[in-house]
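Data first, discussion second: the structure below is written as structure tokens.
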Amino acid sequence: EAVLALDIGGTKMLAALVREDTVVETHKMPTPRSGDPEQWLTSLFDAISGWRGRYDTVGVAVSGIIDDGCWSPLNRKTLDIPDGFPLVATVKRLAGTDAVLAANDAQAAAWGEFSCGAGQGEDLVFLTISTGIGGGIVVNGRLLGGLSGHFGLLRSLDENAGVLEDHVSGNWMAAQAAPRQAGATAREVFEAAAAGQAWAQDIIKASVRQTALLCRNIQLMLDPARIVIGGGIGLAPGYLESVRQALGSLPPRLTPQLHAAALGESAGVVGIADLVKRQN
Ligand code: BMX
């Protein structure tokens with residue numbers, strides 16, 4: 001029997017049927033800009049009603065933090081949801097099963113990459129550069145939970161600067177591009193940069209420098225065998241290579257080993273499905 005795996009991020013919602021770590025069906029929808037998680041989940045379950053009977057367990061990976069089955073945002077600029085939404089109870093009702101597990105999206109993706117992606121069974125830190133910046137940590141073969149890996153929420157001493165992801169992520173890129181191109185998306189910034197537009201190249205360069213510094217600091221804190229980079233921005237053409245270049249010529253012992261997420265945008269659904277299987 002397959003696992004129904006859902007991944008709800010700041011930009012898109014992905015539903016997948018996962019069997020033996022392989023994605024067999026997918027359905028993707030943009031995360032609505034209005035309404036609430038109850039409505040989003042209802043429309044997602046409506047869209048995949050044809051999958052009924054093909055799964056008996058469910059995993060949900062979400063942007064934000066899960067405590068006792070309830071979902072809260074840490075940065076409302078990344079995803080504007082209410083505090084303490086009863087995620088597990090709602091999904092149990094919509095899916096018609098009590099076998100529901102929920103986790104943070106980047107932590108689930110870290111587990112996916114560790115167990116069947118770019119980690120190849122070695123301890124890793126996963127970083128997603130997407131709407132926000134998320135992360136997950138696998139140490140001694142164990143996935144850390146709770147607030148761990150929330151690198152996007154790191155702060156500097158400058159209280160007015162907000163949090164790190166407000167200066168690096170896809171949301172930030174789009175906001176920086178707005179004066180040049182009203183309504184531009186992060187993807188359009190990459191297109192403009194590829195077409196030789198200096199303003200767009202500067203936006204990407206600024207994001208890359210922050211990500212490189214973050215990777216250096218992560219190496220000193222956790223010394224992972226690998227840092228695996230995913231997310232729409234992290235996997236955009238040229239981004240990872242630019243981060244490698246921005247790391248410059250560090251002594252080899254201090255140099256993070258950067259790898260692209262092998263599962264691409266499926267990392268979260270594959271990871272949460274594997275966590276569900278291990279629990280049941
Ligand atoms: C934010 C935070 C993390 C999440 C990360 C990446 C919220 C709503 N989310 O730091 O929990 O993992 O963004 O999220 O506070 P994504 O939506 O960009 O995938």
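Where a number appears in this text, it was derived from the coordinates with a stated rule and is not lab data. Everything numeric in this text was worked out from a predicted model, so none of it was measured. Here the Cβ positions follow ideal geometry from the backbone for every residue, glycine too, while neighbour counts run over all protein chains shown.
For the chain, find the longest principal axis of its Cα atoms and tell me its angle to the long axis of helix 198-222, 0 to 90°, nearest 10.
The two axes meet at around 70 degrees.
In 10 Å bins starting at zero, report the fraction of Cα pairs in the range 131-186 per bin as a rounded %.
Once binned at 10 Å, the Cα pair distances of the range 131-186 give 23, 35, 29, 11, 2.
In the range 161-242, what is the volume of the convex hull around the alpha carbon atoms, normalised per residue and reported in Å³?
Looking at the range 161-242, the number lands at 93 Å³ per residue.
What share of Cα pairs, in percent, lie more than 18 angstrom apart in the range 1-103?
In whole percent, the long-distance tail amounts to 42.
Where in the range 1-25 does the amide nitrogen come within less than 16 Å of the point 7 Å from the Cα of Arg187, taken along Cα to Cβ?
Once the point is set 7 Å along Cα→Cβ of Arg187, 9-14 turn out to lie under 16 Å by backbone N, inside the range 1-25.
What are the ³J(HN,Hα) couplings of the range 80-97, residue after residue, when phi is run through the Karplus curve with 6.51, -1.76, 1.60 and θ = phi - 60°? Round to Hz, x for glycine and proline.
Those phi angles translate into 8, 10, x, 6, x, 5, x, 5, 5, 4, 5, 5, 4, 5, 5, 8, x, 8 Hz.
State log₁₀ I(q)/I(0) for the range 127-280 at q = 0.08, 0.12, 0.15, 0.18 Å⁻¹ as given by the Debye formula over alpha-carbon point scatterers of equal weight, solvent excluded.
Here log10 of I(q) over I(0) equals -0.24, -0.54, -0.83, -1.14.
In nm, what is the difference between 0.36 nm times the number of residues separating Ala225 and Glu38 and their Cα-Cα distance?
Answer, rounded to one decimal: 63.4 nm.
Please list the equivalent ellipsoid semi-axes of the chain, computed as the square roots of five times the alpha-carbon gyration tensor eigenvalues, in descending order and whole angstrom.
Semi-axes, largest first: 30, 22, 17 Å.
Which value at 222 nm does the chain reach when only helices count, each DSSP H run of 4 or more adding -39,500 (n - 2.57), with the total divided by all residues and rounded to the nearest 500 deg cm²/dmol?
-10500 deg cm²/dmol
So what are the ³J(HN,Hα) numbers for the range 132-147, from phi and the Karplus equation (6.51, -1.76, 1.60; θ = phi - 60°), rounded to whole Hz, Gly and Pro as x?
x, 10, x, x, x, 10, 10, 10, 6, x, 10, 7, 7, x, x, 7
In nm, what is the difference between 0.36 nm times the number of residues separating Asp80 and Thr255 and their Cα-Cα distance?
Contour length minus the Cα-Cα distance gives 59.4 nm.
Below 26 Å Cα-Cα, how many Lys pairs turn up in the chain? Only count pairs eight or more apart in sequence, or on different chains, if you could.
So the count works out to 10.
Through the Karplus equation 6.51 cos²θ - 1.76 cosθ + 1.60, θ set to phi - 60°, convert the phi angles of the range 8-19 into ³J(HN,Hα) values in whole Hz; use x for Gly and Pro.
Residue by residue, the range 8-19 yields 10, x, x, 10, 9, 10, 10, 10, 9, 9, 10, 10 Hz.
I'd like the per residue volume of the convex hull spanned by the Cα atoms of the range 50-178, given in cubic angstrom.
152 Å³
Please compute the net charge surrounding Ala2, taking Lys and Arg as +1 and Asp and Glu as -1 over other residues with Cβ under 15 Å from its Cβ.
-2
Nearest 0.05, what FRET efficiency do Glu241 and Ala99 give at R0 = 25 Å with Cβ-Cβ as r?
Given R0 = 25 Å and the Cβ-Cβ separation, E is 0.05.
Testing the spin-label approximation: label points 7 Å from Cα along Cα→Cβ at Leu147 and Ala175. State their distance in nm.
Rounded to a tenth, the inter-label distance reads 2.2 nm.
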